[in-house]
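All remarks here apply to the structure that follows.
Since every read-out is calculated from the coordinates, none of them should be taken as a lab result. These figures come from a predicted structure and were not determined experimentally. Cβ: placed from backbone, ideal geometry, glycine included. Neighbour counts: every protein chain shown.
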Amino acid sequence: MLKNYLKLNLSLLYWVLVAPFTGQFFSISQIFRQMVFIGVRATSMVALTAFSIGVTLAMQAAHSLQQLGAEMYVPDLVMLSILREMGPVLIAVIVIGRSGSAVAAELGTMKVSEEIEALEVMAINPVQYLVVPRFLAMLVMLPALTIFGNYIGVLGGWAVCRFALNFNTAGYVLRALQSANTWDLYSGMIKSGVFAWIVITIACNAGLHVEGGAEGVGQATTSSVVQALLAMLVTNAILTGIFFFGA
Amino acid sequence: MNPNGEPVIEVSDLVRRFGDRAIINDISFNVHRGETLVIMGGSGCGKSTLLRHIIGSMKPTSGSVKIFGQEITTMDEREIALVRRRFGMLFQSGALLASLTVGENVALPLVQHTKMPPDGIESVVKQKLEMVGLSGFEDLKPAEISGGMKKRVGLARALALDPELLFSDEPTSGLDPIMTAVVDQLTLKLTHGEHMTAVVVTHDMTSAFRIATRMIMLGHGSIVAQGTPDEIRNSTNPEVHQFINGEADGPIPLNLSQDEHEHHQHVKPRPFVAARHRFHRKTA
């Protein structure tokens, strides 16, 4: 299992980094097709999630901070939690549930219906043809969705501050921008890039190694979601440790 | 016996074991240019496994397979890919990519392996689909066409690069008699006119005798009989006779389940099972 996963990662690196220089390009149109599926179609879900999180964070922060008479720090808390943790993690959760499972099921179905074997017999490498476009699309779209989600989350925080805590808009924006520095944003972006890698490689690996018909496809889909979630959360803890408690 | 020099496919002493079971047990044969070799045999006799060894997707326990004079069993993936560009393969289910249209499926090998301009590809796709009687179906998805049509699209795709060698896994199962004749005639035209070599795995005896220049019958992983269609038709081997005439009674055991496989000679035929098989043969 782990051996297959490492092998997939190596051949993925080969097809992305080495093969283009030997004249074997991956197809750009496939990447855009996947970007639309993984990214564009997920925007409404991401927006709803991020907005709810922003609102929730602001309400919880207001509740605790009010007791200390420190409501003015609500924007700081919303901004930092979203940029550093909530944005990257929760949007990765959405993408795992939505696109990771879909990719695992799609590749798994292709495997059981002999489509992958047919590609191989046509001398088309399945990693190059199927995995690389999904990988690159995910690597671009998950961070992009995260940036988008960050905005919406901060907007959610604004809604609470503006309508329940009597902040004015300029005050909220100013406070939020002052609290965060660029590293808060970059650390979240790095996380989200790493999550993209984890999510898509686990999903593709699960799909490409399906055995045993429709039942196998179902199992692979479930296990890819569970594995991706666990791997993503553990990695998140490690990265937070490195970024904010390391050096 | 052959005028065309070096064989296109040379299988010698091929053995493949899964555990103790030999699925392929010491098989040797050659296929020459322009020939159509039909491989037949009952379900589970190792036909598909043999085909997978020839195209390099499975590695044998021992023995050698040479395609175009090159040993395929020891090649790495990249070398196998180069050999595979020279042959086409039709899968039993068609194995079309469900996310692409019929036209895109046929165009796939051209897009991937040639530098043809888009309108050149389009005209080749049109021509290949016309060959299999499916002009005008370019924009449909595989899910929107019937099983037999999928198979014909698979054939068009296998022929897209004008291969020197064509493998077909049950090309005519699921086709109506007229379409079967069309596919057979296409195979004949390609092997006679353009000296393509074909290896066809089939159950369909009418079609087999129509296209074969040579036939091999497999049973329990080894070659039971081989020869020209006439030799096979007049064979005195009772297994061959039973198979080509589709008779339920004969020396071929009917219950080839896994654990009974090795001991089939000792198992008494169960009347109920035999009757059920007879029923299936009649209805099939």
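Tell me whether region A:34-50 contains one or more residues that are farther than 15 Å from A:Leu139 by Cβ, surrounded by fewer than 19 Cβ atoms within 10 Å (Cβ to Cβ), touching a residue at least 40 places away in the same chain (Cβ under 8 Å) and over 20 Å from the mean Cα position of the chain (by Cα).
Among the residues of region A:34-50, not one is farther than 15 Å from A:Leu139 by Cβ, surrounded by fewer than 19 Cβ atoms within 10 Å (Cβ to Cβ), touching a residue at least 40 places away in the same chain (Cβ under 8 Å) and over 20 Å from the mean Cα position of the chain (by Cα), which makes the answer no.
What is the one condition in (1) surrounded by 14 or more Cβ atoms within 10 Å (Cβ to Cβ); (2) part of a helix (DSSP H, G or I) that A:Val210 does not satisfy?
Failing condition for A:Val210: (2).
Every residue, every condition in (1) surrounded by fewer than 17 Cβ atoms within 10 Å (Cβ to Cβ); (2) more than 30 Å from B:Gly174 (Cα to Cα); (3) away from chain A (no Cβ under 14 Å), yes or no:
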{"site": "B:Pro7", "(1), (2), (3)": "no, yes, yes"}
{"site": "B:Ser28", "(1), (2), (3)": "yes, yes, yes"}
{"site": "B:Val31", "(1), (2), (3)": "no, no, yes"}
{"site": "B:Cys45", "(1), (2), (3)": "no, no, yes"}
{"site": "B:Leu50", "(1), (2), (3)": "no, no, yes"}
{"site": "B:Ile55", "(1), (2), (3)": "no, no, no"}
{"site": "B:Leu90", "(1), (2), (3)": "no, no, no"}
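Could you look through region B:108-151, keep only residues that are closer than 30 Å to B:Asn30 by Cβ and touching a residue at least 40 places away in the same chain (Cβ under 8 Å), and pick out the one that is surrounded by the fewest Cβ atoms within 10 Å (Cβ to Cβ)? I'd like the intermediate steps shown before the answer.
In the first step, residues of region B:108-151 are kept if they are closer than 30 Å to B:Asn30 by Cβ; the result is B:109, B:113, B:128, B:131-132, B:151.
With the extra rule that they be touching a residue at least 40 places away in the same chain (Cβ under 8 Å), the set shrinks to B:109, B:113, B:131-132, B:151.
Values: B:Pro109: 22, B:His113: 16, B:Met131: 18, B:Val132: 22, B:Lys151: 29.
Checking each candidate, the answer is B:His113.
Criterion first (assigned to a helix (DSSP H, G or I) and not charged (D, E, K, R)) does B:Ile244 satisfy it? Give the steps one after another, and end with the answer.
Numbers: assigned to a helix (DSSP H, G or I): yes; not charged (D, E, K, R): yes.
Answer is yes for this residue.
Give the number of residues within region B:68-88 that are away from chain A (no Cβ under 11 Å) and either assigned to a loop (DSSP other than H, G, I, E, B) or surrounded by 17 or more Cβ atoms within 10 Å (Cβ to Cβ) (or both). Please lay out each step first, then the result.
Residues of region B:68-88 away from chain A (no Cβ under 11 Å): B:68-76.
Applying the additional criterion that residues be either assigned to a loop (DSSP other than H, G, I, E, B) or surrounded by 17 or more Cβ atoms within 10 Å (Cβ to Cβ) (or both) yields B:68-69, B:72-76.
Total satisfying the criteria: 7.
Residue check: is A:Val103 within 14 Å of chain B (Cβ to nearest Cβ), within 16 Å of the chain's Cα centre (by Cα) and closer than 24 Å to A:Leu230 by Cβ? Talk me through it step by step, then tell me what you get.
Values: within 14 Å of chain B (Cβ to nearest Cβ): yes; within 16 Å of the chain's Cα centre (by Cα): yes; closer than 24 Å to A:Leu230 by Cβ: yes.
The answer is yes for A:Val103.
All but one of (1) within 11 Å of chain A (Cβ to nearest Cβ); (2) outside any helix (DSSP H, G or I) hold for B:Val65, so report the exception by its number.
Condition (1) is where B:Val65 drops out.
Quick one: what pairs do we get from region B:59-81, first residue free of Cβ contacts under 8 Å to residues at least 40 places away in the same chain and polar (S, T, N, Q), second surrounded by 16 or more Cβ atoms within 10 Å (Cβ to Cβ) and outside any strand (DSSP E or B), C-beta under 6 Å, 6+ apart or different chains?
So the pair list comes out as B:Thr73/B:Pro60.
Which residues, counting only those in region B:202-228, are outside any strand (DSSP E or B), surrounded by fewer than 21 Cβ atoms within 10 Å (Cβ to Cβ) and free of Cβ contacts under 8 Å to residues at least 40 places away in the same chain?
B:Asp204, B:Thr206, B:Phe209, B:Arg210, B:Thr228
Could you list all residues from region B:92-110 that are more than 10 Å from every other protein chain (Cβ to nearest Cβ), outside any loop (DSSP other than H, G, I, E, B) and either hydroxyl-bearing (Ser, Thr, Tyr) or closer than 16 Å to A:Leu130 by Cβ (or both)?
Within region B:92-110, just B:Glu104 meets the criteria.
Do you know which residues across region A:106-123 are away from chain B (no Cβ under 11 Å) and surrounded by fewer than 20 Cβ atoms within 10 Å (Cβ to Cβ)?
none
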